Structures are given as C-alpha cells and as structure tokens.
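The values are calculated or read from the model by the stated rules, or taken from the named source; none is laboratory data. What you see is a predicted model, and the numbers here were worked out from it, not measured in a lab. Neighbour counts run over all protein chains shown; Cβ positions are idealised from the backbone, glycine included.
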Amino acid sequence: MLFDPIYFIFMAPAMALSLWASWKVKANFKKYSAVQSVRGITGAEAAAELLRRAAISDVKIVRTQGRLSDHYNPVTKTLALSDGVYDSTSIAAVGVATHEAGHAIQHAQNYTPLWVRSLLVPTANVGSSVGYFVMVIGLFIASSNMVLLGAVLFSAVLLFQVVTLPVEFNASSRAKSLVVEYGIILPQERVGVDRVLNAAALTYVAAAVTTLLTLLYFLMRARR
C-alpha cells in the first residue's frame, strides 16, 4: 500500500488541505504575535479574566514548554499556556489563551460535545493505534473482512474528530466575542484574533478529512 500510486492520488486533497492549514496557523500566529494589543493584557491575564467572569475558581493557569502547546486538561483542571502565549501581550497570545479558557468554560457548563469527546478518547486511541494496522494487514493478506474490522475500529477516530469540530468552533466563538465584550482588546483588534483562531480550526477540519479519505481508500481497496 505504501507504494500504491492510487493511495497518493486519493489522499492528495487531504495532504494539500493539511499543508495549507499548517501554513496558515504558523503564518497567522507569527504575524499577530508581532502585533501588541492596545490594552497590554497578557495571555495568562486574558484567560484569567474569562475564568473570573464565568465564576470559575478551580482552574489553575500554568506555564508549559513548547510552541503552540497550549491546552486545557479537564481531568486536572489546568489551563496550560506556552511561553509564547503566557507572558505575551500580542493579539495572537490573547486569542490562543482565551480559546483555551473557552474550553474551561465549556467544562464548567457541561457542554455536551466536550463531554462526548472525553468519553470517546479511549476508543479513539484504540482505533488510531490498532484499526489502521488491522486494515493494512487485511489488504496485505487480501482479507476484506479484516479490512472491514479495521475500518470499524478506525472509524472511532473519525467520530472523535467530528465531535471535536463543534468543541473547537464553540471555544473559538466564545473567545472571539468575550475578548471584546470584556474589554481585553479593542473591537478593531478582533480581526487578528479571528484569523489566528480560524486558522487553528482549519487544522481540525483537515484532520477529519484525512481520516475520512483514509477510511474510504481502504474500503475501496477491500472491494477490489
């Protein structure tokens, strides 16, 4: 399969979308990391303000290593911000930090898609680690039944990614509106936040498209 030209033709749209999404994230983050907000509020302070306004006092904001490694952990209730976001007063930092704070607010408000996504994590992990290899082995030994079994397992990954989309879009939507409503940035500065978060959301779309096309490819090969 690794040398099947049909695979690369089949997956070309997903590869192109993934590369484009990755480029947009890096380009927009770099651009708006150089644009400082007028209010001069750091990423950590912006995230803290959203949590305070939502009356959330049990989430700890911490610093984490890496670039664009920002995330919210619902298990430990920690909101981790990278060095380029935690202390920065840039438009990009404010956007990323408040997006992660949006996830904390979702958690506090029992946002259904977030709850469903958390339930899907174990099956998605199994599907990604086992399902793909079962499909590959099925093709190698010409067993359509094994390919179908692997596809069922791997489809858990697609389900997880599809549920992830509204989770990410909603967190971004909250951040975009609240940063202006709470006076963290000026209304005219929101365009930068929008571009950073929209680019990040595109990466999740690209991941789901890649998984879908991978499934379709294996199912097509199994039928042949």
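Overview of results
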{"read-out": "In the stretch 7-32, residue farthest from Val196 (Cα to Cα) [restricted to those that are among the hydroxyl-bearing types (Ser, Thr, Tyr) and surrounded by fewer than 19 Cβ atoms within 10 Å (Cβ to Cβ)]", "value": "Tyr7"}
{"read-out": "Selection status of Ala101, in contact with a strand residue (DSSP E or B) (Cβ under 6 Å, 6 or more places away or on another chain), hydrophobic (A, V, I, L, M, F, W, C) and outside any loop (DSSP other than H, G, I, E, B)", "value": "no"}
{"read-out": "Residues of the stretch 89-105 satisfying the condition of being of a type in the set (S, T, N, Q) and crowded, with 22+ Cβ neighbours inside 10 Å", "value": "Ser90, Thr98"}
{"read-out": "Given (1) buried (at least 17 other Cβ atoms within 10 Å of the Cβ); (2) in a helix (DSSP H, G or I); (3) among the aliphatic types (A, V, I, L, M), index of the condition Ile185 fails", "value": "(2)"}
{"read-out": "Residue that is under 21 Å from the mean Cα position of the chain (by Cα), surrounded by 14 or more Cβ atoms within 10 Å (Cβ to Cβ) and hydrophobic (A, V, I, L, M, F, W, C), where the choices are Leu153, Leu139, Leu148, Leu51", "value": "Leu51"}
{"read-out": "Within the stretch 191-224, tally of residues that are of a type in the set (Lys, Arg), surrounded by fewer than 17 Cβ atoms within 10 Å (Cβ to Cβ) and either in a helix (DSSP H, G or I) or modelled with pLDDT of 95 or more (or both)", "value": "1"}
{"read-out": "Residue within the stretch 63-70 that is at pLDDT 95 or above and either crowded, with 19+ Cβ neighbours inside 10 Å or within 30 Å of Leu139 (Cα to Cα) (or both) present", "value": "yes"}
{"read-out": "Unmet requirement for Ala171, which otherwise passes all of (1) surrounded by fewer than 20 Cβ atoms within 10 Å (Cβ to Cβ); (2) in contact with a His (Cβ under 6 Å, 6 or more places away or on another chain)", "value": "(1)"}
{"read-out": "Where Ser118 falls short, out of the listed (1) more than 30 Å from Leu51 (Cα to Cα); (2) touching a residue at least 40 places away in the same chain (Cβ under 8 Å)", "value": "(1)"}
{"read-out": "Residue within the stretch 111-118 that is out of contact with any strand residue (DSSP E or B) (no Cβ under 8 Å at 6 or more places or on another chain), over 30 Å from Ile184 (Cβ atoms), assigned to a helix (DSSP H, G or I) and modelled with pLDDT under 95 present", "value": "no"}
{"read-out": "Hey, Ser82 in contact with a Lys or Arg (Cβ under 7 Å, 6 or more places away or on another chain) and free of Cβ contacts under 8 Å to residues at least 24 places away in the same chain or not", "value": "yes"}
{"read-out": "Candidates Val62, Val152, filtered to the one that is farther than 28 Å from Thr211 by Cα, without any contact (Cβ under 8 Å) to a residue 24 or more places away in the chain and either in a helix (DSSP H, G or I) or aliphatic (A, V, I, L, M) (or both)", "value": "Val62"}
